[in-house]
Each structure stands twice: as structure tokens, then as C-alpha cells.
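Here's the structure, in C-alpha cells; my notes come after.
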Amino acid sequence: MQGFDYVVPRDHAAASVLLAASDGGIRPYQGGTDLLIRIRGGFVHPEKLVDLKGLPGMREIRLTDDGWLVVGAACTMNQVAAHPPAREHYDLFVQACNSVASYQLRNRATVGGNICNASPAADTAPALICLGAQAEIYGPDGLRRVPIEAFFTGPGKTVLRSGEFLISLHLPPSPLGAFGVFNKLGRTKIGDISIASVAVYSWPAEDRRREWRIALGAVGPTPLRALQAEAILNADTSPAGVQAAARATSEAARPIDDIRASARYRRAMVAVLARRGIEQILARAEGFR
Ligand SMILES: Cc1cc2nc3c(=O)[nH]c(=O)nc-3n(C[C@H](O)[C@H](O)[C@H](O)COP(=O)(O)OP(=O)(O)OC[C@H]3O[C@@H](n4cnc5c(N)ncnc54)[C@H](O)[C@@H]3O)c2cc1C
């Protein structure tokens, strides 16, 4: 593996100055579970890694007075999964964190690294999209917030500009009675990168209806939202409506063939995962009537 310098910046401004000083040769570093593997594989050749984990707030999770969950970018998957307010109000996010790799890896892998790596298969992304999360970014021009849905611009690409880095994720208060389900398919039952994943999230609306969000992973250049499927379910959750929504979710996918699966298989599995997720939510909602 090639050598590199390891730098611990003293504050946000110093980190930003360091990161702005190069075009890809200086990289943010958190858990290293993506980055070190890419360096070892010879895919990236940074001369310097800037460790952001120790910056103030990067490892904190807190609930604000107005009910938002703020998750520091360097919080690990296990940290989120063990956090009582996250477990109580953002179970969909917790399910996604718990689906990543193994327990040991989740002690190291951070949510910020998962998002900034911008793999189309990043497992926390579909859940964060359904939950309406916002990315808080620090950079040469100060702070800015971007909806997580707009954060990804292509495989491995994000809206982050030179000198910018993710500092936290902000999740709005969960609507009363909201449930979510994250279903993922890998080559093995646990511990593998997704071949396809579907997050489904829903909460009660007027007239005994429910409002729906559906987002997909590993079946497009970025995580995707299945807007047409959501619209179908907002109007009709009969068995026919569920079938139609599952089909529409599959049609929203833009999969490719790769070493993990064919595009055709992925598209078929998206319909299955979507239908299961919708049915799981409807069954749970029925139990609450
Ligand atoms: C065996 C194995 C299994 C895995 N299984 C899964 C899986 O099931 N699901 C899944 O989604 N992922 C999986 N992964 C991928 C990986 O573990 C996750 O993406 C992890 O969350 C990355 O976090 P990290 O802190 O290790 O990121 P790092 O490796 O430190 O960084 C990842 C990328 O993000 C950039 N970055 C890091 N922090 C910031 C920041 N604050 N601001 C801007 N850029 C930043 C880095 O420069 C780098 O490009 C697996 C990896 C391994 C090795």
C-alpha cells in the first residue's frame, strides 16, 4: 500500500484550508473502511489524509429543542443504533445502520463516510432520503445545508466543493405514527454490499389515508426516490395499489449489470423488496388501529 501523511487538524477552519489546498490529493478521513480499501486497491492515491473525527461535534448525536436529530458526521453506525432517541423516533435510520457489514465494521464505519463516499449502494442513503435529512456542510464560505436527496450527483460524486466537508446530518421530527422498513438484498444474508435496497416510510394522513416515501439504493448512479410509486400509495393501498406501487418502484430503478448482479435481476428484486416493505408497514399500521 502506498504511503501517505496523516494529519489531525486543530479546528474546522484548518481542516478546510488543508482540504482546499489540493485537487483530490488531500482527502478527508473518518473510519477509513472505504478509503483505506480504495488506497490499498490502487484506485486513489492521496498524499495526505485529514482525520476529521476529533473536530468538535463530529462524534455527537443530540436531539434539539425543536425535535430534530443532529448526527455528527463521524458518528459510527453502532453509535447511532445504540442511541435511545434515534431508536425511538428514527427506527428506519437505525435499521439501515444495522444493515451495514458486520458489528465489528460498524464500530468503525461512520454515517458521514457512508454518505460522502457516495456509493450508489450506501445503505444509509435511502433511509435518510425518506426521512427528509439535510446535510450540514462546512467550507471556505462557512456553513450551508443541502437536502440529502440533492447531495449525490453521480457514483462517488457529491455537491461538496473544494475545501468543504460534511459536519452533520439533520433529521426533522418524525410525524406521529410514522413507520419505516429498510429491506436490502446482498449476495449473502448479512455483511454484504447491497445488490438492491428499498426504504419505505409512511405516516398517517387525513381521511384514514397514509403519506408514503420510497427510496432505492444500488440500482442507479445515485440513490433514487420512487415518486410515482409514492403517488400511487398516497391514493390507494388496496392489494392492487400495492402491486402497482411495487411495479412503479421497479420502473424508477436505473440498474446496471455488474459483478454483483444483472440489471434485470436487480429490477425484479426491487419490486419484491418494495412490495414486502409496503406490506410490512400496512400490517403494522393495521395493528395500531
Ligand atoms: C467488509 C466491508 C463491508 C461493507 N459493507 C457495507 C454495507 O453493507 N453497506 C454499506 O453501505 N457500506 C458498506 N461498506 C462500506 C463502508 O464501510 C461504509 O461506506 C462506511 O460507512 C464508510 O465510513 P468511513 O467512516 O469508514 O469512511 P471513510 O473510509 O473514512 O471515508 C469514505 C469517503 O468519504 C470521504 N469522507 C469521509 N468523511 C467525510 C466528511 N466528513 N466530509 C467529506 N468527505 C468525507 C472520504 O474522503 C472518503 O472518500 C463496507 C466496507 C467493508 C470494508
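The values are calculated or read from the model by the stated rules, or taken from the named source; none is laboratory data. Note that the structure is a prediction, hence the values are computed from the model and not measured. Positions of Cβ are generated from backbone atoms using ideal geometry, with glycine treated the same way; all protein chains shown enter the neighbour counts. These accessible areas exclude ligands, DNA and RNA; they are computed on the full protein's heavy atoms, side chains included. Shrake-Rupley method; radii C 1.70, N 1.55, O 1.52, S 1.80 Å.
Is it the case, given these coordinates, that Leu92 is under 19 Å from Arg213 (Cβ atoms) and either at pLDDT 95 or above or open to solvent by 10 Å² or more (accessible area, probe 1.4 Å) (or both)?
It is true that Leu92 is under 19 Å from Arg213 (Cβ atoms) and either at pLDDT 95 or above or open to solvent by 10 Å² or more (accessible area, probe 1.4 Å) (or both).
Within segment 124-147, being touching a Leu at 6+ places or on another chain (Cβ under 7 Å) and buried (at least 24 other Cβ atoms within 10 Å of the Cβ) holds for Pro126, Ala127, Leu128, Cys130, Leu131, Ala133, Ala135. Considering segment 34-51, the residues that are near the ligand (Cβ under 8 Å from one of its atoms) and in contact with a helix residue (DSSP H, G or I) (Cβ under 6 Å, 6 or more places away or on another chain) include one that is nearest to Ala86 (Cα to Cα), namely Asp34. A search for C-beta distances below 6 Å between a residue of segment 96-117 that is at positive phi and any residue that is open to solvent by 30 Å² or more (accessible area, probe 1.4 Å), counting only pairs 6+ apart in sequence or on different chains, returns Ala101/Gly191.
Among the residues of segment 63-76, is there at least one that is in contact (Cβ under 8 Å) with a residue 12 or more places away in the chain and more than 26 Å from Gly142 (Cβ to Cβ)? Yes, segment 63-76 contains at least one residue that is in contact (Cβ under 8 Å) with a residue 12 or more places away in the chain and more than 26 Å from Gly142 (Cβ to Cβ).
Taken together, Val71, Val111, Val100 contain a single residue that is more than 11 Å from the ligand (Cβ to nearest atom), buried (at least 22 other Cβ atoms within 10 Å of the Cβ) and within 29 Å of Ala218 (Cα to Cα), which is Val71.
Are any residues in segment 153-179 open to solvent by 20 Å² or more (accessible area, probe 1.4 Å), among the small types (Gly, Ala, Ser) and farther than 30 Å from Gly287 by Cα, and if so, which ones? Within segment 153-179, Gly156, Ser162 qualify. Here Ser202 meets the list (1) more than 14 Å from the ligand (Cβ to nearest atom); (2) open to solvent by 40 Å² or more (accessible area, probe 1.4 Å); (3) small (Gly, Ala, Ser) almost entirely, failing just condition (2).
Looking only at segment 231-258, residues that are open to solvent by 10 Å² or more (accessible area, probe 1.4 Å) and touching a strand residue (DSSP E or B) at 6+ places or on another chain (Cβ under 8 Å) come to 5 in all.
Of all residues in segment 159-198, those satisfying the criterion of being closer than 28 Å to Asp65 by Cβ and among the small types (Gly, Ala, Ser) are Ser168, Ser174, Gly177, Ala178, Gly180.
Yes/no per residue for (1) surrounded by 13 or more Cβ atoms within 10 Å (Cβ to Cβ); (2) over 20 Å from Cys75 (Cβ atoms); (3) within 24 Å of the chain's Cα centre (by Cα); (4) of a type in the set (S, T, N, Q):
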| site | (1), (2), (3), (4) |
| --- | --- |
| Ser16 | yes, yes, yes, yes |
| Arg27 | yes, no, yes, no |
| Thr33 | yes, no, yes, yes |
| Phe43 | no, yes, yes, no |
| Lys48 | yes, yes, no, no |
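Would you be able to tell me the number of residues in segment 245-266 that are assigned to a helix (DSSP H, G or I) and more than 26 Å from Asp91 (Cα to Cα)? Number of matching residues: 4. Residues in segment 114-139 that are out of contact with any Gly (no Cβ under 7 Å at 6 or more places or on another chain) and away from the ligand (no atom under 12 Å from the Cβ): Ile129, Leu131, Gly132, Ala133, Gln134.
For segment 259-281, the set of residues classified as surrounded by fewer than 20 Cβ atoms within 10 Å (Cβ to Cβ) and over 20 Å from Pro120 (Cα atoms) consists of Arg276, Glu279, Gln280, listed by residue number. Considering the conditions (1) open to solvent by 40 Å² or more (accessible area, probe 1.4 Å); (2) of a type outside the set (Phe, Trp, Tyr); (3) part of a helix (DSSP H, G or I), Gly54 is excluded by exactly one of them, (3).
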